[in-house]
């Protein structure tokens, strides 16, 4: 079929060759000179014009969210225009009226989430960093690549915690700790646009500091400390601000024992085999 194709469309749309094949595969063989013009803009609105011997036989405007579907639909419309007007070559035919298709309001697609960078502050209580529950503060930064059920995430935080003095006979001890925490995730489930659940593995590396008090020749002892564990976080998030509550369990990899040397040795603190932690944090999404 002698046909001239004029075609322009965004790069994401089918090629001119694909449009030509879609038309010619549906149109009859003809001796007339046909000219088919298709223009598609960036919003996938297509304007189709079909001419025979400079006579317009079809003008059509159509929109679609899929450019491939749009091109197919307009190729069919163009082929039908050729078929209907080719079988009556001697009869004059008025051009089809140029009536735009009704535009239906379609809600915009949800924005594509990008890699997120967040930073914040947290408070923490633990059951394993001192003889009694310890309380502390922390600061963190994290980067997260979005995912539906699994999101690659890394958080690096720094924490300081201490407890109230613990009485051991006539002496007392104050246990403090400072450590860095690496968190790697993990499971990511979003219940709504502003609620999210995450689960991750954690590892802490730092030091325990035990200060002896109320006894002659009291000493302060500092020893390295490390643990591994898991943590779950539930967060309320807006586009900029978030609040989270967290809970987890750890297994200390180092379990030092601290004691006072009275007439007989008295244990001041021994790191337990397992421990629990809880956090409340707030922060900002930087981008």
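The values are calculated or read from the model by the stated rules, or taken from the named source; none is laboratory data. Treat the numbers as computed from the prediction; the structure is a model and nothing was measured. A quick note on method: Cβ atoms are made from the backbone with ideal geometry, for glycine too, and the neighbour counts reach across all protein chains shown.
One line per residue, one yes/no per condition, for (1) at pLDDT 85 or above; (2) surrounded by 14 or more Cβ atoms within 10 Å (Cβ to Cβ); (3) assigned by TED's automatic domain parsing to the domain that holds residue 188:
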residue	(1), (2), (3)
131	yes, yes, yes
134	yes, yes, yes
143	yes, yes, yes
151	no, yes, yes
154	yes, yes, yes
165	yes, yes, yes
170	no, no, yes
178	yes, yes, yes
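Could you check how many residues of the stretch 56-85 are in a strand (DSSP E or B) and in contact with a helix residue (DSSP H, G or I) (Cβ under 9 Å, 6 or more places away or on another chain)? Write out each step before concluding.
To start, the set of residues in the stretch 56-85 that are in a strand (DSSP E or B) comprises 56-63.
Okay, now just the ones that are also in contact with a helix residue (DSSP H, G or I) (Cβ under 9 Å, 6 or more places away or on another chain), so 57-58, 60, 62-63.
Total meeting the criteria: 5.
Can you find a residue that is within 25 Å of residue 144 (Cα to Cα), in the same structural domain as residue 146 (by TED's automatic domain parsing) and surrounded by 14 or more Cβ atoms within 10 Å (Cβ to Cβ) anywhere in the stretch 260-267?
If we filter the stretch 260-267 for residues that are within 25 Å of residue 144 (Cα to Cα), which is where we start, we get none.
No - not one qualifying residue is present in the stretch 260-267.
Can you tell me which residue within the stretch 25-34, out of those that are surrounded by fewer than 17 Cβ atoms within 10 Å (Cβ to Cβ) and touching a strand residue (DSSP E or B) at 6+ places or on another chain (Cβ under 9 Å), is modelled with the lowest pLDDT?
Going residue by residue through the stretch 25-34, those that are surrounded by fewer than 17 Cβ atoms within 10 Å (Cβ to Cβ) are 25-26, 28-29, 31-33.
Next, only the ones that are touching a strand residue (DSSP E or B) at 6+ places or on another chain (Cβ under 9 Å) stay: 32-33.
Details: 32: 70, 33: 78.
Ranking the qualifying residues of the stretch 25-34, first place goes to 32.
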